[in-house]
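Okay, structure first, notes after.
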Amino acid sequence: MNPFLNEYDTPFKIPPFEEINFEHYEPAFDAGMEEHQNEIQIIANNPSEPSFENTIEAMERSGETLDKVSNVFFNLLGSNTNDDMDALAIKISPKLSAHNDAILLNSNLFKRIEMIHNNKQSFNLSTEQNRLLDETYKRFVRSGANLDEESMKRLTQINSSLSSLSVKFDQNVLKETNSFSLVIDNKEDLDGLPEEEIRQAALLADSEGQNGKWVFKPTRVSMYPFLTYSTKRDLREELYNSYIQRGDNDNEFDNKEIIAEMVALRKEKAEMMGFESHSDYVLDNTMAKTPENVNNLLKTIWNPGIEKAKGEVQSMQKLITDEGANFQLAAWDWWHYSEKLRQEQFNFKEEEVKPFFSEEKVLAGAFDVAEKLFDITFTEREDLPKYRDNIRSFTVEDIDKKVIGIFYTDFTLRPNKGGGAWMSTFRSQSKFDGEVIPIVINVCNFPPKNADGVSLLSFEQVETLFHEFGHGLHGLLSDAQYPSLSGTSVTRDYVEFPSQMMENWAREPEVIKTFAKHYKTGETIPEELLSKISAAGTFNEGFATSEYVAAAHLDMAYHTNKEEIFDIDEFEDETLKDLGLIPEIESRYRSTYFGHIFAGGYSSGYYSYLWTEVLEADAFEAFKDKGLFDKETADKLKKYVYAAGNTDDLMTQYIRFRGKEPAIEPLLKKRGLN
Ligand SMILES: [Zn+2]
């Protein structure tokens, strides 16, 4: 019996993880796609007049089996994979995208959607129904449903070229990264490096057949510690240059032509869709809406950011001079001297802090914040299905003890889990067809338990836990009619707002003290350590802001440019020079390895992180003004942000919560740029 093909017979209809075997996935995918396609055909060919119920709502109801198997498969592919699952993912992904294309380019279906959309006044729809109709219509149009046959054909060509070019871009970056090694065979050249970094470098050397030597690679993981601690300036320069030259070496892995081609194709596609530029096309579907709005934000933060960075250069230059050296600070010196400055100014080590942040207490602290703000409680349950050991499950109850969601945590680092941290769902909330409660998971890569059986976090990991928990709340508190609009189904430049928002509480001393208890003695974190943590928060922010804004600006420049771009190096140089970037700082990504925009989904979207930070910093001001747990403010935050999903225009929701549009000053203050 295939569990995916039957109704789940478990508490809260959680996927019956213990009964699911690898053999169940593929048949369920096949059955699920077939079922979905049949449902879509019935909707598209319905002889009755198109109505919201028989078209839009029917589409929301379709694809249940496919959702069930996809949700389990792709969650576990990320958090608990194996070779079989990896292979099945490669096999199933093109089938799934062909399945989706077949729906989006189904002309009978689109005609019905269009007819309802063009006559929406006559259907008497609620706000949320209107939103669902608009979003559905837009999704079809943006996929090319409106184009004539010839244009549709050209669009398919463009999409397929873009996708192979971006795969090639990615592979080139990987090859360039792998092909360079900084090999050290003289122990003296390791001067300044911590033991652990030396050990890792020896392991890397072994893996490259360079036994007895040490190897450093042009990756952030390998390069940053070297740039930070190595006292050998010439070696820092060599490694740094290998990093920033990736894809720009005029060899077979060069990415410059690929970039020029992608930029041109994106421009052509945008014009076919009736937009002036690729940025206009992308941003039309975001909160920012226009390139002008994005550029204004970048411009506003650029000046204070670069001014602060210039001050940072001066402080480091003074340090260099005080040491009796005689050179100008260069880009490859930045990490080394900023670390020296940081130690001089704040003088605390990560190791002092960690014993106060046990994973268990930090999570309890996050639950506590949610309880105070939103009147919900988390109760651990041992009887719910689990896909492996060492994960935890909770029911989430509202003030009337009604279960409103299920929350899983899978926190511990292990080899079959992807890197980083994320939130995901096994089921989205909805209620148009009977109440469906959400099943949400937070996955992190926190350190394994120490000898005392406790996992201890750095302060950055504490922030990560609160961040993912913020995404989690966005899923758990969701109160939408339709699954397509519920929870985190919002635009890229909004989705990080509810998550970054929760980090704010983790940075408030008053809140930290409630959970930062020494794991052995129970002692609360000392005031002195607490104030060092908060003081260090804005250190080096001029650099961080400048390198980020430079990259976001470069992204926008490529995708709003009117002329064809032939010389990538020249375009990048000119763009960043015009911006006013200083030689001591490179763009966070140079063009030829800017995977976010040429290999990932963030073209004209790298600004998003900053956009959501504006919202979050402005939103938190309301709590700073009225109290960290002010009831009225928290109620509005819950109603218009965490519960609202994508059920209405996002800026409108924000204004309902805040009473005004977001201001930028709180962000500048938070980054120490005011
Ligand atoms: Zn996030």
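The values are calculated or read from the model by the stated rules, or taken from the named source; none is laboratory data. None of these values were measured; they are calculated from a predicted model. A quick note on method: Cβ atoms are made from the backbone with ideal geometry, for glycine too, and the neighbour counts reach across all protein chains shown. Only protein heavy atoms, including side chains, enter the accessible area calculation; ligands, DNA and RNA are left aside. Shrake-Rupley method; radii C 1.70, N 1.55, O 1.52, S 1.80 Å.
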Between exposed GluC sites (Glu not before Pro) in the chain, where DSSP calls loop and at most 10 other Cβ atoms lie within 10 Å, what's the longest gap?
-> 8-251
Residue-wise HN-Hα coupling along the range 304-312, computed from phi with Karplus coefficients 6.51, -1.76, 1.60 (Hz; x: Gly, Pro) | x, x, 6, 5, 5, 4, 5, x, 4
Using θ = phi - 60° and the Karplus form 6.51 cos²θ - 1.76 cosθ + 1.60, what ³J(HN,Hα) does each residue of the range 444-461 get, whole Hz, x for Gly and Pro?
-> 9, 10, 7, x, x, 4, 7, 4, 8, x, 10, 8, 9, 9, 7, 5, 4, 6
Does a label point 7 Å from the Cα of residue 175, set along Cα-to-beta-carbon, have any residues of the range 256-299 with amide nitrogen under 14 Å, and which are they?
-> 256-258
With every protein chain in place, what's the accessible area of residue 111 (1.4 Å probe, Å², nearest 10)?
-> 120 Å²
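Quick check: at a probe of 1.4 Å, how many percent of the accessible area of the range 203-259 sits on carbon and sulfur atoms?
Numbers: 1270 of 2610 Å².
Solvent-exposed carbon and sulfur of the range 203-259 make up 49 percent of the total.
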Between residue 398 and residue 317, what length in nm is gained on full extension when 0.36 nm per residue of separation is reduced by their alpha carbon distance?
-> 23.5 nm
List the longest stretch of the chain that has no exposed loop site; here a site is one of the chymotrypsin sites (Phe, Trp or Tyr not before Pro) assigned by DSSP to anything other than H, G, I, E or B, with at most 12 other Cβ within 10 Å.
-> 1-326
For the pair residue 303 and residue 527, how long in nm is the line joining their label points, each one 7 Å along Cα→Cβ?
-> 4.0 nm
For residue 191, the accessible surface traced by a 1.4 Å probe with all protein chains present amounts, in square angstrom to the nearest 10, to 80 Å²
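With a Förster radius of 45 Å, plug the Cβ-Cβ distance of residue 150 and residue 249 into 1/(1 + (r/R0)^6) and report the FRET value to the nearest 0.05.
0.65
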Indicate the gyration tensor shape class of the range 475-540 (rounded, prolate or oblate), computed on the Cα atoms with a ≥ b ≥ c the square roots of the eigenvalues: a/c under 1.5 is rounded; otherwise a/b larger than b/c is prolate and the rest oblate.
-> oblate
Residue 562 versus residue 100: modelled label distance in nm, points set 7 Å from Cα along the beta carbon direction | 3.5 nm
Any idea what the dipole of the range 390-483 comes to, in debye rounded to 20, about its Cα centre with Lys/Arg Cβ at +1 and Asp/Glu Cβ at -1?
-> 320 debye
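Charges only on Cβ, +1 for Lys and Arg, -1 for Asp and Glu: so what's the dipole of the range 560-674 about the Cα centre, in debye to the nearest 20? Numbers along the way, then the final one.
On the way: 16 positive and 23 negative charges, 215 e Å.
So the dipole magnitude of the range 560-674 works out to roughly 1040 debye.
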With all protein chains present and a 1.4 Å probe, the order of 638, 13, 401 from largest accessible area down is 401, 13, 638
With every protein chain in place, the range 331-487: carbon and sulfur % of accessible area (1.4 Å) | 46 percent
Karplus (6.51, -1.76, 1.60) ³J(HN,Hα), θ = phi - 60°, over the range 469-478, in Hz, Gly and Pro reported as x = 4, x, 4, x, 5, 4, x, 6, 8, 3
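I'd like the antiparallel share, as a percent to the nearest 5, of DSSP beta bridges with both residues in the chain.
On the way: 21 of 28 bridges.
Here the share of antiparallel DSSP bridges comes out near 75 percent.
Helix-derived [θ] at 222 nm for the chain: sum -39500 (n - 2.57) over DSSP H runs of at least 4, divide by residue count, nearest 500? Walk me through the intermediate numbers first.
Values: 27 runs with 373 residues, N = 674.
That comes out to -18000 deg cm²/dmol.
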Does the range 363-403 classify as rounded, prolate or oblate by the C-alpha gyration tensor (a ≥ b ≥ c root eigenvalues; a/c under 1.5 gives rounded; else a/b over b/c gives prolate, otherwise oblate)?
-> oblate
Could you state the number of Å between the C-alpha centres of the range 537-579 and the range 182-242?
-> 29 Å
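Below 8 Å, C-alpha to C-alpha, sequence gap of six or more: please give me the relative contact order for the range 634-674 in percent. Provide the component values of the computation, followed by the final result.
On the way: 20 pairs, mean separation 12.3, N = 41.
Taking the mean separation of contacting Cα pairs over the length of the range 634-674, I get 30 percent.
Determine the order of 215, 141 by accessible area, beginning with the largest, at a probe radius of 1.4 Å.
Working: 215 0, 141 40 Å².
Order by accessible area, largest first: 141, 215.
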About the Cα centre of the chain, how large is the charge dipole given +1 on each Lys and Arg Cβ and -1 on each Asp and Glu Cβ? Please answer in debye to the nearest 20.
-> 1020 debye
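What accessible area per residue, rounded to a whole number of Å², is obtained for the chain using a probe radius of 1.4 Å? Spell out each step's value before the answer.
Working: 29990 Å² over 674 residues.
Per-residue value: 45 Å².
How much length, in nm to one decimal, is gained on full extension between residue 661 and residue 206, taken as 0.36 nm per residue of separation minus their Cα-Cα distance? Display every interim value, and only then the final one.
Working: separation 455, 0.36 × 455 = 163.80 nm, distance 5.61 nm.
That pair, residue 661 and residue 206, stretches by 158.2 nm at full extension.
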At q = 0.05 Å⁻¹, base-10 log of I(q)/I(0) for the chain (Debye sum, equal scatterers on each alpha carbon) | -0.26
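Between residue 422 and residue 30, what FRET efficiency follows from the Cβ-Cβ distance if R0 is 30 Å, with the result rounded to 0.05?
Working: r = 28 Å, r/R0 = 0.92.
Result of the calculation: an efficiency of 0.60.
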Please name whichever of 553, 501, 490 sits farthest to the positive end of the charge dipole of the chain, dipole taken about the Cα centre and charges placed at Cβ: Lys and Arg +1, Asp and Glu -1.
-> 501
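Relative contact order for the chain: what is it in percent, counting Cα pairs under 8 Å that are at least 6 residues apart?
On the way: 983 pairs, mean separation 102.0, N = 674.
It comes to 15 percent, rounded to a whole number.
Quick one: pull the percent of accessible area on the range 578-674 belonging to carbon and sulfur, 1.4 Å probe, ligands and nucleic acids left out.
Carbon and sulfur: 48 percent of the exposed surface of the range 578-674.
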Can you pull the accessible area of residue 234 for me, 1.4 Å probe, Å² to the nearest 10?
-> 100 Å²
